Amino acid sequence: MRLCDDRGGLTIGRGNLMNSAMRALLEEEELRFTSHRGGFDLDQIEAEISALGCSFRDQAMPSMFVVASSQQERDRLQTQRNTHPEAGFPYVLLIQLSEEEVLVSPSPEGELAVHSARFIRWLAGTFSCTVTNGYGTDITARLAEAASG
């Protein structure tokens with residue numbers, strides 16, 4: 001598991017998260033996960049998002065979680081969102097939850113790519129689901145390859 005340390009950095013977890021299939025998946029603008037079994041356990045997903053460390057629930061849009069690369073960045077983004085929610089979301093890992101689907105806007109860059117890959121791999125390994133990209137194309141087979149890392 002990756003967690004922010006007290007310096008705002010990251011502790012390194014185990015495993016090769018970044019195979020070529022995962023890198024390609026992280027280039028997608030949006031990933032839509034749809035449950036095969038009647039819904040997602042939102043409490044379980046929220047706990048996993050919290051375990052990423054540098055995240056917060058957006059006050060203006062409570063179904064949205066923002067994951068930053070450091071505690072300092074998280075605090076800055078949270079202040080920015082609370083002050084000017086009309087300005088939109090920054091380019092970070094965004095996760096939107098509902099019982100029927102989970103929308104993930106992954107980041108292919110740096111530490112956020114690692115957070116994105118960990119969350120995607122965990123979600124796919126925990127719940128039976130189909131994943132489509134922002135164009136509605138079923139990419140579940142690509143996810144299986146990416147998650148096998």
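Every number here is computed from the coordinates shown, using simple stated rules; none is lab data. Source: prediction; values computed, not measured. Ideal geometry is used to build each Cβ from the backbone, glycine not excepted, and the neighbour counts take in all protein chains shown.
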Note to self: I need the Debye-formula profile for the chain: one equal scatterer per C-alpha, no solvent, reported as log10 I(q)/I(0) at q = 0.09, 0.12, 0.19 1/Å, two decimals.
What the structure shows: -0.25, -0.46, -1.19
Note to self: I need the per residue convex hull volume for the range 16-71, using only the alpha carbons, in cubic angstrom as a whole number.
What the structure shows: 139
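Work through the residues other than Ser35 whose Cβ is under 14 Å from its Cβ and net out their charges, Lys, Arg +1 and Asp, Glu -1.
-2
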